[in-house]
Structure formats: structure tokens, C-alpha cells
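Student: To start, I am sharing the structure in question, which I have written as C-alpha cells.
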Amino acid sequence: MPVSRNQPSPQRQSVLSFVSPKVADLLFFETVDAQKVGKTPPAYGTAHPDTENFKDHKLCFVKQADANGLMYEYYYAADRASQDDYNFEYAQADLGGNKYDTVTRTYVTLRSSFSDTGGSAAGDAMPDPTSQFNAENVVNHDNVYVAGVDEVDDFSTDYIFYSRQQKRIGDKELDGLFVVEQKLYFRRVDIVTQRLDPTTEGSLKTVVKLIRRGETFKTPTPSLNGSVTDRIAGSKQWIDKQNWGLMDTGQNIDCRQLSHDWWQVTIQDVIPQGLDDDSTHSTTGKVLRTYTTYKNYTWPSVVGGLVFTTVEKKDGSRKTVVTVKNKEGKDGFSGPTKMTVTQIWKRTAMTPPAPVIFKTVSGAYAGVQFSVRVSNVLTEAITLTDFIGTNDPVYKLGEYGFPKPFVGPSTPSDWPTDDPFIGAASQRPFRGGYLLEIVQIHHPS
């Protein structure tokens, strides 16, 4: 509420208003007799003539007090003192889509002192003379996961400068000389999200970091496994698109500029980290998972040999019967078979291993003395010959082959010796890279 103040000078009468918690920060006007002080008011910014009581006050507004122009109201205000003691507002602000603890400090300053490039720089510590905003230990993640290892450290952080804006005060008595400047400070922390990935049955982490201009940040080199290079935020090398993207380790690194001084860097797992390298099929591939299943599979019979049996007839002639004998434990089988499935991820395409394919053979032989037939079997080459001796009552002496050899060989000629062996391999695009799926087949027990 305005407070009247008696003045010894008859040409000046003061009305005071306190505009901040500081008693010295007051706005007042004086009713001035124009006939005694002159009809031409002094320029804005002129110091108050009472240098003892109002040594810091300056003229900020002049208003005619009567219709005849005989009286004026001179408004005086002083530079605000110790504004950091009381000019704060605490909140949680949205910066780049994430919530951060923020403090907004509002300053009333001389309009003539404002500069768009002056004042606080990005990352400067917030003034806190009342010690109401203390530093806090937070978890700081590495700039990038080198070789898939996420290194974190405890890091003490205080509020630092983010941005500023200037605007009019909105009071005609003050707008001519003063402006309002608001400075936003925030506590910089890494925003971490972890979620289950049903496809890989692992956990995917996303780290969002705020990087200011001039800071050193390790940008990835997507073409090299885990390779990183120091870059200065805002430099020409920093904005080169080759420094961002998908890494061999399975993280995608995105960069988005939020303002002139700040960038938002997102380190996102596209596959779970800490996976084993696939040393068998791809040296830089990552084994996503290995699991066992049972699926129907056809195992062809493996021919071990032919058994010839001679049967004598009552008329004295003979007949030969041929029986196909399979190798022990390798009769034909079709049904549930144990299989091991391995899934491998790599940023670039891999060369799938060649699977074992059973190329079976079939054949029939009908000769003079015997006949035999095989169908869809694995076998080495088999040669059959009918030999007619001198005692045959019907056929003349000789050797007959229909054809020669009889059948084979198949590819392979036997079940693979490896247990398990690769029965299938397929590759497809997956999350910016490629997914290789290898199916190993176990022998039936």
C-alpha cells in the first residue's frame, strides 16, 4: 500500500510503494510544481535529487497531474538489490519431452543494460545465496556404450543455466526504464527407460542425455565395432551424419538440437546388451538367444548292404531273393525331432551357413535271377550283376547287368557325423540390421 512521506521541499510530495521484499526496492512518485522546477522534465534515468535518502533511484516515468499542466508526477525506482534472495520459482519443466527439476529466476534490470548475447552462458551454475537448492548425487551414464558395456558413475550436479527470455514488466511506470529477464535453470540428469523386449526376451534400455554447446561427447562410428571419437558439441564434426546411427554393438544413437546451445542425445538399445559374440558364424554378430524345440523331421533310411539268399526249388532249380539291409539304428523315421535354434543379430548382412540337405535316391532292378527296389534312401553306389553259371537249366552261361550300376550314390551317403548338424539357415532384416536364424538338428535317440 502506498505510504505518504512528508517532504521539506514544498514543490515535492512523495507517495511510496514497496515492490519487493527488500525495503530499499521501492517505487514512488513525487508531485512536482512545474512552475518551480520547470515544465521540461528531466530525461528518464536521471538520478533523484535527494542523493542521501534515494541515492540509487532514477526517474522512470513522468505523468501530468492536472489538466493545466501545472503539476507533474515524477516516478522513481531503484535497481533491485539482492534479487537472488527471493526471485525464484520451482517447477518440473518439460525439456525435449522429459521432465526436469527447474528453477526460474526473474530479474528486473535496466533496459539499457540488456544484451541478447550477454548474461549467463549455457551450463553456468545457478546463484543460490540462500542455499535453498543443494547439489544432488545422480547416476551419470557414459556418453556411449563401448562394446556394449554401460558404465555409470555417481555424479554430483547442481542447477545449471538453460535459457533466458526478456519481456516487458507491464507497468507503465516501470516499462520506460526497466525490463524483466527470466532465467531458467535445471538439474541435468540422464533420463533412463528400461523395458522388456518380448521378441528377444531381454531388456532394452534408452538413455536420454542433454549436451550443451562446447562439451566433449563421444560420438559413435557406426561402421566400427564399439569405436568412438571425441567430438565438440556444435562443431562441424559433431553434426556430420556419419557420426550417428546404428552401431555394431546394437545401439542406435540419435541427436536432436533443442536450442542454440543444447542437444538431446538418445542412446537406444535395439538389441539387449551384454550378449555373447558369435564366434562360429560371424565374429561381430551377437547371439540373441538359443533355445530347444521339437519339430517333425524326416530321416531317410541308410542302406548298409544287400543280402542275397538262394532258395532251391523241388525241380532242382534255384531262386535268389535279395533283401535290402539298413545300417544299424538308421531305419527311416519321420516325427518329432529335437532341434536347437540360435538367433544371431548383426548390423550388416551375414553369410548363412550351408545346411545339410538329404538328396535321396530311388531305383529298381529286375534281372534274370532276382529283383530289388529301393525308394528315397541314402546309400553309396550299388552295382548289381546277374551271373549265369553252367548249371542253369534255362539260361546260357554269361553275365547280365540291367543296368550297371544299379543305384546311387546319394548326397550325402549317410546321416551326418556331426550331432547336431545344421539343418536350416535363414536371414531377414531386423531392427536396422539382420537376423540370422540357424536350426541345428539332433540325431534321433
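The values are calculated or read from the model by the stated rules, or taken from the named source; none is laboratory data. Not measured: the values here are computed from a predicted model. Methodologically, a virtual Cβ is constructed for each residue, glycine included, from the backbone with ideal geometry; neighbour enumeration extends over all protein chains shown.
Per-residue answers, yes or no, for (1) modelled with pLDDT of 90 or more; (2) outside the structural domain of G304 (by TED's automatic domain parsing); (3) not charged (D, E, K, R):
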residue: I344; (1), (2), (3): yes, no, yes
residue: Q369; (1), (2), (3): no, no, yes
residue: N376; (1), (2), (3): yes, no, yes
residue: E380; (1), (2), (3): yes, no, no
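Student: Oh, and also: Among the residues that make up the stretch 262-273, is at least one of them assigned to a loop (DSSP other than H, G, I, E, B), in contact with a strand residue (DSSP E or B) (Cβ under 9 Å, 6 or more places away or on another chain), surrounded by fewer than 19 Cβ atoms within 10 Å (Cβ to Cβ) and not polar (S, T, N, Q)?
Tutor: no
Student: Mind telling me which of the residues Y90, Y100, Y72 ends up being in contact with a helix residue (DSSP H, G or I) (Cβ under 6 Å, 6 or more places away or on another chain) and either touching a residue at least 12 places away in the same chain (Cβ under 8 Å) or charged (D, E, K, R) (or both)?
Tutor: Values: Y90 fails: in contact with a helix residue (DSSP H, G or I) (Cβ under 6 Å, 6 or more places away or on another chain); Y100 fails: in contact with a helix residue (DSSP H, G or I) (Cβ under 6 Å, 6 or more places away or on another chain).
Only one candidate passes the filter, namely Y72.
Conditions tested, residue by residue: (1) among the basic types (K, R); (2) assigned to a loop (DSSP other than H, G, I, E, B); (3) closer than 24 Å to D419 by Cβ.
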residue	(1), (2), (3)
G316	no, yes, no
V322	no, no, no
M339	no, no, yes
T342	no, no, yes
T348	no, yes, no
P355	no, yes, yes
G363	no, no, no
V372	no, no, no
N376	no, no, yes
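Student: To continue, here is another question. May I ask you to list the residues in the stretch 32-48 that are on the phi < 0 side of the Ramachandran plot, over 60 Å from the mean Cα position of the chain (by Cα) and either surrounded by 17 or more Cβ atoms within 10 Å (Cβ to Cβ) or outside any strand (DSSP E or B) (or both)?
Tutor: Passing the criteria: V32, A34, Q35, K36, V37, K39, T40, P41, P42, H48.
Student: Kindly indicate which of D254, D331 is in the same structural domain as K209 (by TED's automatic domain parsing) and either within 30 Å of I211 (Cβ to Cβ) or outside any strand (DSSP E or B) (or both).
Tutor: After applying the criteria, what remains is D254.
Student: Select from the stretch 272-318 the residues that are hydrophobic (A, V, I, L, M, F, W, C) and out of contact with any Leu (no Cβ under 6 Å at 6 or more places or on another chain) and list them in ascending order.
Tutor: Matches in the stretch 272-318: L275, L288, W299, V303, L306, V307, F308, V311.
Student: Would the stretch 353-360 turn up any residue that is touching a residue at least 12 places away in the same chain (Cβ under 8 Å), closer than 22 Å to H443 by Cα and among the hydroxyl-bearing types (S, T, Y)?
Tutor: Yes, there is a match, as at least one residue in the stretch 353-360 is touching a residue at least 12 places away in the same chain (Cβ under 8 Å), closer than 22 Å to H443 by Cα and among the hydroxyl-bearing types (S, T, Y).
Student: Go through the stretch 381-394 and give me each residue that's surrounded by 16 or more Cβ atoms within 10 Å (Cβ to Cβ) and under 23 Å from P416 (Cα atoms).
Tutor: I382, the sole residue that qualifies.
Student: A further question on this structure: Examine the stretch 298-311 for a residue that is surrounded by fewer than 12 Cβ atoms within 10 Å (Cβ to Cβ), assigned to a strand (DSSP E or B) and not β-branched (V, I, T), and state whether such a residue exists.
Tutor: Scanning the stretch 298-311 turns up no residue that is surrounded by fewer than 12 Cβ atoms within 10 Å (Cβ to Cβ), assigned to a strand (DSSP E or B) and not β-branched (V, I, T).
Student: Right, something else. Which condition does F54 not pass, out of (1) in a loop (DSSP other than H, G, I, E, B); (2) surrounded by fewer than 17 Cβ atoms within 10 Å (Cβ to Cβ), if it passes all the others?
Tutor: (2)
Student: May I ask you to list pairs of residues, at least six apart or on different chains, whose Cβ atoms are under 9 Å apart, with the first in the stretch 113-139 being on the phi > 0 side of the Ramachandran plot and the second being surrounded by 13 or more Cβ atoms within 10 Å (Cβ to Cβ) and in a loop (DSSP other than H, G, I, E, B)?
Tutor: Pairs that qualify, where the first residue is on the phi > 0 side of the Ramachandran plot and the partner is surrounded by 13 or more Cβ atoms within 10 Å (Cβ to Cβ) and in a loop (DSSP other than H, G, I, E, B), are G123/R188; G123/R213; G123/G214; G123/E215; G123/D261.
Student: Okay, moving on. How many of the residues in the stretch 68-119 are over 20 Å from N134 (Cβ atoms), in a strand (DSSP E or B) and of a type in the set (G, A, S)?
Tutor: 2
Student: Related question: Checking the structure you have, find out if any residue of the stretch 18-29 is surrounded by 14 or more Cβ atoms within 10 Å (Cβ to Cβ), at pLDDT 85 or above and basic (K, R).
Tutor: No, the stretch 18-29 contains no residue that is surrounded by 14 or more Cβ atoms within 10 Å (Cβ to Cβ), at pLDDT 85 or above and basic (K, R).
Student: Quick check, is G285 over 21 Å from I422 (Cα atoms), in contact with a strand residue (DSSP E or B) (Cβ under 7 Å, 6 or more places away or on another chain) and either surrounded by 15 or more Cβ atoms within 10 Å (Cβ to Cβ) or at pLDDT 95 or above (or both)?
Tutor: On the way: over 21 Å from I422 (Cα atoms): no; in contact with a strand residue (DSSP E or B) (Cβ under 7 Å, 6 or more places away or on another chain): yes; either surrounded by 15 or more Cβ atoms within 10 Å (Cβ to Cβ) or at pLDDT 95 or above (or both): yes.
In short, no.
Student: What number of residues within the stretch 185-199 satisfy the criterion of being farther than 19 Å from A125 by Cβ and in a strand (DSSP E or B)?
Tutor: Residues meeting the conditions: 7.
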